[in-house]
Amino acid sequence: MLPTEEAHDLLDLTRELAARELAGKVDDFEQRGEFPREVIRTLGRAGLLGLPYPEADGGAAQPYEVYLQVLETLAGTWLAVAEAVSVHTLACYPVYAHGTERQRKLLPDLLGGEMLGAYCLSEPAGGSDAAALTTRAVRDGDDWVVTGVKAWITHAGHADFYNVFARTGGPGPTGISCLFADAATPGLQPQKPERVMGLRSSAPAQIVFDAARLDADRLVGEEGGGFRIAMEALDAGRLGIAACAVGLAQAAVDHAVAYAKEREQFGRPIAAFQGVGFMLADMATQVSAARALLLHAARLKDAGRPFSVEAAKAKLFATDAAMRVTTDAVQVLGGYGYVSEYPVERMMRDAKITQLYEGTQQVQRMIVARQLLRRAGVSRPSR
Ligand SMILES: Cc1cc2nc3c(=O)[nH]c(=O)nc-3n(C[C@H](O)[C@H](O)[C@H](O)COP(=O)(O)OP(=O)(O)OC[C@H]3O[C@@H](n4cnc5c(N)ncnc54)[C@H](O)[C@@H]3O)c2cc1C
């Protein structure tokens, strides 16, 4: 269900781009583990890299619910590409929402798709406890000097700009600031890509900051305000990951249904066996429920209402659904589900990452539980 004619046209365009620019390339790029930078550029030129931002800043002023359906459509064909759009959209948030006038002048390039962004929060010693990060930024005259290691950075080595969350003060969240770094900054050193289970065309890598020097005006928002910016960005980013999970799961259902109608055993299509039909029905139900949670959270955001807990619920449910549904899709295809000639094998490997990044399933539960306990007036466990 889409709110406007314009949104219908946008979804048509996305389907066309997915068929023309993504479908024929995904297997090759995934097998070679090559990042599809040109494909992302093509999507940027088609206007897909700044969808939920205002037109005045170079975006397309689309409601979040529409942007998420674009992601869902892309993810059904190629998760790594949909994830790239989602991560880039997240990476534009700090400058959009907290940037100085001068920084915001970059927005047309950021949102127009010419520049690709990355978001550097996690570190080797911790992702879930992000407020404990140890990368340091120290003032030296008019500069910030950044030293430390960021881990698992999507678009490392491909991005044109990096949001870096670094410690500029004491321990805890209020000692963290957000800095905006160009890829060409001396001392900003992307490392070798990780060898990953899935999402192989967009493997993350560490970034070493070896006394990387940034102008003082690269501080985004207030000194000490970086953790809040990081969490705001993640609230919306989680909806993006949930949309990717829904798109992936929907594609797995579609492949499983098509296969079950064709494949015969015992003289009948396997879809005619109740055991298979029930599995397909459960898969489709999981996807519908995930999509409903996602759209509910997106509509809260579009209405300017609090949405962060609903976003956590949507990510928790949608990514569990993607894992379950893609695993069941492999089951429906039997042995053929286990080989790379059929896309469900890749989908099952890809699904796992959605349960891990932008907050693991346990972190989403912490967000939901905290709100439940706050509402109940409980600040510590009762006996
Ligand atoms: C492919 C990929 C891409 C990524 N891209 C980015 C990126 O672009 N930018 C970025 O900053 N990061 C990125 N990440 C990092 C990702 O966000 C982290 O891996 C994730 O947040 C988990 O952190 P961790 O790996 O350090 O696990 P840990 O935090 O060490 O967690 C290990 C396990 O302990 C559980 N756990 C931790 N604390 C608790 C608790 N209090 N209660 C219950 N369970 C708990 C976790 O849920 C998990 O199961 C990416 C990771 C991957 C794999």
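General observations
- Extents of the stretch 292-339, taken as max minus min of Cα coordinates on every principal axis and listed largest first, are 48, 14, 14 Å.
- Here is the tail figure for the stretch 1-144: Cα pairs spaced more than 26 Å apart come to 34 percent of all pairs.
- Solvent-accessible surface of protein heavy atoms, probed at 1.4 angstrom with all chains present, puts 14, 134, 4 in the order 134, 4, 14, largest first.
- Protein accessible area in the stretch 247-383, 1.4 Å probe - carbon and sulfur %: 56 percent
- The length gained on full extension between residue 160 and residue 15, counted as 0.36 nm times the residue separation minus their Cα-Cα distance, comes to 49.5 nm.
- Whole-angstrom gap from the stretch 318-353 to the stretch 1-47, using each part's C-alpha centre: 21 Å
- Average Cα contact separation per residue, the stretch 177-223, under 8 Å, 6 or more apart, as relative contact order %: 53 percent
- For the stretch 17-105, relative contact order (Cα pairs under 8 Å, six or more residues apart, normalised by length) works out to 23 percent.
- GNM result for the chain, Cα springs below 10 Å: residue of 167, 200, 299 fluctuating most strongly: 299
- Relative frequency of Cα-Cα separations exceeding 32 Å in the chain, percent: 33 percent
- Lysines whose Cα lies under 21 Å from that of residue 150, excluding same-chain neighbours fewer than 8 positions away: 192
- Taking 184, 245, 159 as the candidate residues, the one with maximal mean-square fluctuation in a Gaussian network model of the chain, Cα springs under 10 Å, is 184.
- Both radii are taken from the alpha-carbon atoms of the stretch 111-205; with Rh as the Kirkwood radius, Rg/Rh is 0.98.
- Accessible area per residue for the stretch 82-172 is 37 Å², calculated with a 1.4 Å probe on protein heavy atoms, without ligands, DNA or RNA.
- Within the stretch 277-383, GluC sites (Glu not before Pro) in DSSP loop having at most 13 other beta-carbon neighbours inside 10 Å: 341
- Fraction of alpha-carbon pairs over 16 Å apart in the stretch 1-86 - percent: 49 percent
- Mean shadow area of the stretch 33-79, taken as a quarter of the surface of its Cα convex hull (nm²): 3.5 nm²
- With the charge dipole of the chain set up from +1 on Lys and Arg Cβ and -1 on Asp and Glu Cβ about the Cα centre, the Cα lying farthest toward the positive end among the listed residues 338, 201, 278 is that of 278.
- Restricting attention to the stretch 261-383, lysine pairs at least eight places apart or on different chains and with alpha-carbon atoms under 24 angstrom apart total 4.
The values are calculated or read from the model by the stated rules, or taken from the named source; none is laboratory data. Only a predicted model underlies this, so the values are computations on that prediction, with no experimental measurement involved. Note that we place each Cβ from the backbone using ideal geometry, even for glycine, and neighbour counts take in every protein chain shown. Heavy atoms of the whole protein, side chains included, go into the accessibility calculation; ligands, DNA and RNA do not. Shrake-Rupley method; radii C 1.70, N 1.55, O 1.52, S 1.80 Å.
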